[in-house]
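Just so it is clear, none of the values below were taken in a lab; they were calculated from the coordinates. This one's a predicted model, so the numbers in the text were calculated from it and none came from an experiment. FYI the Cβ positions are ideal-geometry reconstructions off the backbone, even for glycines, and counts take in every protein chain you see.
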Amino acid sequence: MTYPKMKPCPECNDADNLNIFNYDGWRHVECVKCNYLGPGCASFAWAIRHHNNDMDARAAIRSSPDHGKVGET
Ligand SMILES: [Zn+2]
């Protein structure tokens with residue numbers, strides 16, 4: 001089984017310091033550089049997917065043309 005490719009850390013943008021840790025049966029993507037902790041999940045692959053989704057959501061907010069431009073058309 002192959003796992004989805006992990007996106008870089010949303011906090012420090014580092015892709016080399018991401019690891020998956022098991023806390024009480026929950027897998028989390030964690031950045032050992034800045035201590036970012038991704039969403040917990042029961043499986044390895046889903047912990048990565050949730051982390052990636054989180055990353056996409058943050059990127060979408062950042063790149064949205066409406067972000068921070070309240071009142072402009
Ligand atoms: Zn980080």
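Annotations
- Cβ-Cβ FRET estimate between Ala60 and Asp24, R0 fixed at 35 Å, reported to 0.05: 0.65
- Going from the residue with the fewest nearby Cβ atoms within 10 Å to the one with the most, Lys33, Lys5 rank Lys5, Lys33.
- In whole angstrom, region 1-61 maps to an equivalent ellipsoid with semi-axes of 17, 13, 11, each derived as √(5λ) from the alpha carbon gyration tensor and ordered largest first.
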